Amino acid sequence: MAYRMVHPTTADQICPARKLALLALVEVEKKDAYVNLSLRELMRQKRLPSKERAMITALAMGVVRMRLYLDHIIQHFCDYSLDELPVFARNILRMAAYELIFFKHPAPIVGNEYVKLAKRFEHKGIASLVNAVVRSMGEGWQSVPIPSLDEDPVSHISITTSHPRWMVERWVKFWGVDETLALCRANNEPPPLCIRVNLKYTERELVARALEFRCRKIEPSPWVPECLRLDTTHDVTKLPGFIGGLFTVQDEGAMIVPYLLEPKPGEIIIDACAAPGGKTTHIAELVKDEAEIIAVDSHPSRLKLVEENAVRLKLFNIKTLLGDWTELAQQFINRADKVLLDVPCSGTGTLRRKVDARWKKSEEQVKQLAELQSRLLEASVPVVRKGGVIVYATCSLEPEEDEEVIKTFLERHPEFVLDDPRPFLPSEVPNAITQEGFLRLFPHKHNTDGVFAARLRKVG
C-alpha cells in the first residue's frame, strides 16, 4: 500500500510521524521491546490524525518485518557496516529505504526528511552519510545483486522475504523450496481479521447484519460455521456486539482445533495451557456452556484474561486453576473426558501477526520447547479416562514440536492411538490432513495461522 507523503509545516520542522516511528524502532533495538507495544505507548501520548497514525504503524512495523532485506540493500550503498553505526543512524537509513522501496516516495523528499532526523538525533557527519546513501539508493536500489533462487535458494528466500537464514534452511529441508518461498511471502502479508460468533447467544447471520455498515466486506468462513472474515478500519472491540459477548476475535485456524475434541455437554474437559482463553471459551460455546471446563495456566495475569473473556462471553461453567500442568495434573487422575493441550511453542506459524517474532526466535529454542511439550503431554496421560481424548496442538511449523513429539509419545504409550481428524472437522478443509493423519494448516495454503494438531484417543 502506498502512503501519502507526510510533510512538516516548515522547511526545518521534523515530521512527527517519522519521529515517532524512529523512536519506536530505537526502543525495539535498545530495550528488546515489541514494536506494537512501543508504538501504542508513543501514540497514546500524542494526538495525531488517523492517516498519520496509520503511516507511523505501517512504517515502523514494515521496517521491523523487512529488516534483513533493507539492510542488504542499504549495505550495498554504505561504506560502513550497519552494525557499527549508531542505533539512530541505522534505523534512519532503514526507514528511508522502506519509504523508497515500499511507499515509493521520491528520493529527494525522503532524503531531505531523514537528513533532518539525522541532524536532530545524531550529528552533521551522520546527516551527510544519510544524504549520500539515500541519494544513491534512490537511483539504484533495484539493481542491488541478490543470489538467484536457482543457485542459492536459501539466501534468495532469506534476503528477499526477510526471514532469518536458519529458519529458511529448516523450512527448505522440511517443505521444499517452492513451499518455503510461498510461506515466507505469505508471512509478509497482513493476516485476515476473523471473528468467532458466540452461537450460544446469537447467529452468524445476525452478527453479520449488525456489522455490515462498519465493514467494507464481510464473508462467512467456508470451513467454520461460527466464523466471519471482516474487512474493517474500525477498532474491532468498538464494533456492535463485542462488549456484549456476541463475538470474539480469533484466527480461523485456531477455531478448528477445539472441534477435534468433539466436546459434549456433561463432560469434564481440561484446557491445560489455557491462556488467554480463545480455545477455552470456544469449547464452552460448542457445548452451549453445558460442560465442566477447567482452564489451567501458570501465568496469573494471563489466567485473568481467561476469566475476563469468559465473563464477557457470558460463559459460566469455566473454572480457572493457577499452576504448572506438569505438577497439577496428578489432581485429576482418571477424571477428564477430554484434555486440550495447546502447548507453549515457538509460534513460527504466527509470524505474519507478530512482526518482531522472526528475530526473537532461535533453533535452540525449538529444541528446548520440544522437551517441555513432551513433559506436558506425559503429564496428561493418567488424567484421561479410557475412551477419552487428548488433543495436542501448536501454532508451530517445526516438526520437532509437532510430528516428532507425537510419534515419540505413541511409541511410549501403546494405550493411545492417533485418530483421523477428518470426521471431527466442522467441514472439509482442503489439503489440511497429512498422510500421517495430523491436522496441519499453513498461512500460504489456508490463509490461517500455521496450526498443527493431533487427536489422541486412550484405548487401554
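One residue stands out among those in segment 411-459 that are over 19 Å from T350 (Cα atoms) and β-branched (V, I, T): the one that is surrounded by the fewest Cβ atoms within 10 Å (Cβ to Cβ), which is V459.
With (1) in a loop (DSSP other than H, G, I, E, B); (2) without any contact (Cβ under 8 Å) to a residue 40 or more places away in the chain as the list, and I146 as the residue in question, which single condition is left unmet? Checking I146 against (1) in a loop (DSSP other than H, G, I, E, B); (2) without any contact (Cβ under 8 Å) to a residue 40 or more places away in the chain, the one that fails is (2).
Pairing residues of segment 290-315 that are under 12 Å from T248 (Cβ atoms) with residues that are acidic (D, E) and buried (at least 16 other Cβ atoms within 10 Å of the Cβ), at Cβ distances under 6 Å and at least 6 apart in sequence or on separate chains, gives L315/D289.
Do we find a residue being within 30 Å of V35 (Cβ to Cβ) and among the hydroxyl-bearing types (S, T, Y) anywhere in segment 359-366?
Yes, the conditions are met somewhere in segment 359-366.
Scan segment 433-449 for residues that are among the hydrophobic types (A, V, I, L, M, F, W, C) and touching a residue at least 60 places away in the same chain (Cβ under 8 Å) and jot them down. Once the filter is applied, which keeps residues that are among the hydrophobic types (A, V, I, L, M, F, W, C) and touching a residue at least 60 places away in the same chain (Cβ under 8 Å), segment 433-449 yields L439, L441, F442. With the requirement that a residue be over 20 Å from A453 (Cβ atoms) and touching a residue at least 60 places away in the same chain (Cβ under 8 Å), what does segment 323-341 give you? Result: F332, R335. Among the helices (runs of 4 or more DSSP H) lying completely within segment 153-238, list those that include at least 1 residues that are within 22 Å of the chain's Cα centre (by Cα). Helices (runs of 4 or more DSSP H) meeting the threshold: 153-161, 165-175, 177-187. When segment 40-57 is filtered for residues that are assigned to a helix (DSSP H, G or I), surrounded by fewer than 23 Cβ atoms within 10 Å (Cβ to Cβ) and touching a helix residue (DSSP H, G or I) at 6+ places or on another chain (Cβ under 8 Å), the ones remaining, listed by number, are L42, M43, E52, R53, T57. Remark: I159 matches the filter, which requires a residue to be more than 30 Å from L246 (Cβ to Cβ) and either of a type outside the set (S, T, N, Q) or assigned by TED's automatic domain parsing to the domain that holds A58 (or both).
Of the candidates F452, F409, F424, the single residue that is touching a residue at least 40 places away in the same chain (Cβ under 8 Å), hydrophobic (A, V, I, L, M, F, W, C), touching a strand residue (DSSP E or B) at 6+ places or on another chain (Cβ under 6 Å) and closer than 17 Å to V339 by Cβ is F452. Considering only residues that are touching a Ser or Thr at 6+ places or on another chain (Cβ under 7 Å), farther than 14 Å from D402 by Cα and in contact (Cβ under 8 Å) with a residue 60 or more places away in the chain, which ones fall in segment 342-369? Listed by number, the list holds a single entry, K361. Restricting segment 357-376 to residues that are farther than 17 Å from C395 by Cβ and in contact with a Lys or Arg (Cβ under 9 Å, 6 or more places away or on another chain), the residue that is surrounded by the fewest Cβ atoms within 10 Å (Cβ to Cβ) is E363.
The values are calculated or read from the model by the stated rules, or taken from the named source; none is laboratory data. Keep in mind the model is a prediction, meaning the values are calculated, not measured. So basically every Cβ, Gly included, is an ideal-geometry build from the backbone, and we count neighbours across all protein chains shown.
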